[in-house]
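Asker: The structure follows.
The values are calculated or read from the model by the stated rules, or taken from the named source; none is laboratory data. The structure presented is a predicted model; accordingly, all values stated were derived computationally and were not measured. Reconstructed Cβ throughout: ideal geometry from the backbone, glycine too, with neighbour counts over all protein chains shown. Keep in mind that these areas ignore ligands, DNA and RNA; they rest on the heavy atoms of the full protein, side chains included. Shrake-Rupley method; radii C 1.70, N 1.55, O 1.52, S 1.80 Å.
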Amino acid sequence: MGKKKRDIDGIVRVVIQLFFFIMLPELFQAAFSGVKYIASQMHGSKSIEMVPFIMYLIILTGFTIVSGRFFCGFACAFGSFGDVVYTMSKFIQKKLNKRFPVIPGKVCIYLQKLKYIILAGIILLCFNGMYGFFSLNSPWAVFSKLRAFEFKNAFTVTGIILFILIITGMCIQERFFCQFLCPMGAVFALLPVITLQYPKKREDICLKGCKLCVKNCPVSINPGSRERIGECIGCNKCVSGCPVSSMHILKSINHNIFSIIKAVLLFILVYIFI
């Protein structure tokens, strides 16, 4: 029964990810363009207008404040791409009976600070009007162009090298880019979230020494704890992988149904306001 439940949970998440990957692959790039636009306009004290990038940013940050980092776990095209790469890597490792080196959880916690440094660096470059070169060579720009089949302008040497390095990291560590390098993930992690949908744990029925929820977490947090909760991407793996159902999101509604509702609301919000 537990395996069947995990399979259903996995299918629901993959369907939502595929839907957003096909329908709204540009959300990540567009929202972060809003962050860069604000920093660039502040250079020279220029006015900030309500351009589409700002609307994308407002929608995603507002949605994250209300519902947690659902976008990261279910709707980000780059995050979904990373999930595919990691899944393929695990499959190949299993077939070859080889295991890639694993980054220890404690090291992951320190490496997660990198994305805040990257965010601060990009904002500083935009503020000083120096982001042009980096924009053309950023790995997420390469991914966006490849996703849109714009091969002619996608292959900058620096961008491709960085993109390949990130893919290599994705093969080794689940959610490699999201955890360690994503500047938009840093923005979301810093937001004052008022969500009720963080995973909760009933310690009284947990199996002694189990810790499957911790092992299944792709971002190295302790589900059910409020410590470093901003890193939670809302993937629900801790809930679906719990053998005794001690983990839950909301007791009154199935978390899969809740995820579908949030996906529909996010899709409607984007299309109504954009």
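Asker: Rounded to the nearest 500 deg cm²/dmol, what is the calculated helix-only ellipticity per residue at 222 nm for the chain, with -39500 (n - 2.57) per DSSP H run of length n ≥ 4? Provide the component values of the computation, followed by the final result.
Answerer: On the way: 14 runs with 166 residues, N = 274.
After summing the helix terms and dividing by residue count, I get -18500 deg cm²/dmol.
Asker: Structure shown: which of K5/K237; K113/K262; K113/K145; K36/K113 lie over 22 Å apart, alpha-carbon to alpha-carbon?
Answerer: Distance filter (> 22 Å) returns K113/K262; K113/K145.
Asker: Over the chain, with every protein chain in place, what whole percent of the accessible area is carbon and sulfur at 1.4 Å, could you tell me? Write out the running numbers ahead of the final one.
Answerer: On the way: 10370 of 14790 Å².
Taking all protein chains in place, the chain shows 70 percent carbon and sulfur surface.
Asker: Please give the contour-minus-distance gain from E49 to R226: 0.36 nm per residue of separation, less the Cα-Cα distance, rounded to one decimal in nm.
Answerer: In short, 60.0 nm is gained.
Asker: Quick check for me: using +1 on Lys/Arg Cβ and -1 on Asp/Glu Cβ, what's the dipole size of the chain about its Cα centre, in debye to the nearest 20?
Answerer: 1080
Asker: Mind pulling the angle between the C-alpha long axis of helix 157-172 and the longest principal axis of the chain? Nearest 10 degrees, somewhere in 0 to 90.
Answerer: Result, in degrees: 10.
Asker: Kirkwood Rh, Cα Rg: Rg to Rh for the range 25-71?
Answerer: Ratio of gyration radius to Kirkwood radius for the range 25-71: 1.03.
Asker: Send over a whole-number figure in Å² for the accessible area per residue of the chain, probe 1.4 Å. Show your work: numbers first, answer last.
Answerer: On the way: 14790 Å² over 274 residues.
Ligands and nucleic acids excluded, the figure is 54 Å² per residue.
Asker: Identify, among C206, Y271, H248, the residue whose Cα sits farthest towards the positive end of the charge dipole of the range 179-274, taking +1 on the Cβ of Lys and Arg and -1 on the Cβ of Asp and Glu, with the dipole about the Cα centre.
Answerer: C206
Asker: What is the distance in Å between the Cα centroid of the range 228-260 and that of the range 30-47?
Answerer: The range 228-260 and the range 30-47 have Cα centres spaced 35 Å from each other.
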